[in-house]
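Data first, discussion second: the structure below is written as structure tokens.
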Amino acid sequence: MKATGSNGLGCCSDGEMSLTNLPDPEQLALRIQRGERAAVASGLNLLDNKLADARACSARLLASLSGERWLNEGHLIGVTGPPGAGKSSLVSAMIREWRSSGRTVGVLAVDPSSRPEQGGGALLGDRIRIKNTTHDEGLFIRSLANRNQMGGVATEVWPMSWLMFSCFDIVVIETVGVGQTEIDIAEIADTVCYVAQPASGDAIQYLKSGIIEIPDVFAVNKSDLGAPARKTAAELGRSAPRQDRREDWDYPVCLVSATMNTGIKQFQDHIDRHRSYLVNAGLLGKLRTRHHNAWVMRLLKEEFGTFGLDLAGGPAAIGIRLSENRSGQFLEYERMRQHIMSSFKSSD
Ligand SMILES: Nc1nc2c(ncn2[C@@H]2O[C@H](COP(=O)(O)OP(=O)(O)O)[C@@H](O)[C@H]2O)c(=O)[nH]1
Ligand SMILES: [Mg+2]
């Protein structure tokens, strides 16, 4: 769904754009934390709105949602892999399993082939039989299908993940694997899952590309095809362990079939085990802080260039400021942004 611009949302601050009906961010945060789906939808629309008033409002919304939960709770899972590997089908099978065990799920579908809101086609919404789940308060799917046209994951995905995180146990980001997206998803997700297609040659290309270093858990889907799936799983398995990877994580390779619903639970158990590993090693909070810092650097650099980064004190000082203010890091970002803008103005 395209960003809501000046047509739907309005004003919450006294910025230069005169808009109407911007939501009250603190109220909206409370409703999001209660898991109200309409509030989640309008929160995501707000984060998508780049007008000045909406930005200020977004920063306040994110600040209201910030907190300790970010450092310790929830699970942000990236699912990537080539088109047609069965990512959407697999995510759907996983959603069924998670929901039946009472865990709530938010999905950001960045894969252009997953357009649940638009109906028709080979879509995530179809795969989970959306007519049965529309009234499921514990599931929310948002398509960002138009966001990775340039080959990377759009910067909105990080704050959107954060927002969903404040009301769902699990947040899944489905992205089609085209190189840069995999690099980007590794800077967002706690756990990166790669879904391979049997006997397509993709897995081999993947092994050669160096991107193999990124995922934490591998799934070879379409195991119902038999030998080709087992061969691909063996190839992926042989590529581990890799020297520069964490020694105490085993990079499991799972054989699954989304359509036959086999191997799903085992795959999810490995994903859960990866989260436990991060927690036990004291890495989860650090990883999220690192991801947030990378996001701030990327945005500041995109908006203001390296000169802007210097105006904010340079990357090292920015990193320190963010780590000192970990539960209010979105507000901290907005403060830095304002500081850079006023420095630019005063140097005119
Ligand atoms: N045989 C078989 N086909 C599957 C399986 N999972 C998905 N597919 C098919 O693979 C195609 C691509 O699936 P989709 O989930 O849209 O892939 P995505 O592009 O990676 O999201 C569809 O025609 C699915 O029906 C599976 O486990 N076995
Ligand atoms: Mg898909």
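The values are calculated or read from the model by the stated rules, or taken from the named source; none is laboratory data. Fair warning: this is a prediction, and the values are worked out from it, not measured in the lab. Cβ sites come from the backbone with ideal geometry, for glycine too, and all protein chains shown count toward neighbours. Surface areas here come from the heavy atoms of the whole protein model, side chains and all, with no ligands, DNA or RNA. Shrake-Rupley method; radii C 1.70, N 1.55, O 1.52, S 1.80 Å.
Pairs to check: Lys231/Lys265; Lys87/Lys286; Lys265/Lys286; Lys50/Lys345; Lys87/Lys301. Give those whose C-alpha atoms are more than 30 Å from each other in this structure. Please report the intermediate quantities before stating the final value.
Values: Lys231/Lys265 22 Å; Lys87/Lys286 28 Å; Lys265/Lys286 28 Å; Lys50/Lys345 20 Å; Lys87/Lys301 32 Å.
The answer is Lys87/Lys301.
Counting 0.36 nm for each residue step from Lys231 to Ala154 and taking away their Cα separation leaves a gain of 24.3 nm. Between Ile173 and Ile77, Gly78, Val79, Leu108, the built amide H atoms are under 5 Å apart, and every one of these is 5 or more places off in sequence or on another chain.
Packing, taken as the mean count of other beta carbons within 10 Å per residue, orders the peptides 289-298, 306-315, 81-90 from highest to lowest as 81-90, 289-298, 306-315.
For the peptides 331-339, 31-39, residues were scored by their other Cβ atoms within 10 Å and the scores averaged per peptide; the highest-first order is 331-339, 31-39.
Full extension of the segment from Asn280 to Glu36, taken as 0.36 nm per residue of separation minus the current Cα-Cα distance, would add 84.6 nm.
Over the stretch 283-348, accessible surface divided per residue gives 50 Å², non-protein components excluded, 1.4 Å probe.
Accessible area of the stretch 283-348 with a 1.4 Å probe: how many percent of it is carbon plus sulfur? Provide the component values of the computation, followed by the final result.
Numbers: 1870 of 3330 Å².
Answer for the stretch 283-348 is 56 percent, counting heavy atoms of protein chains only.
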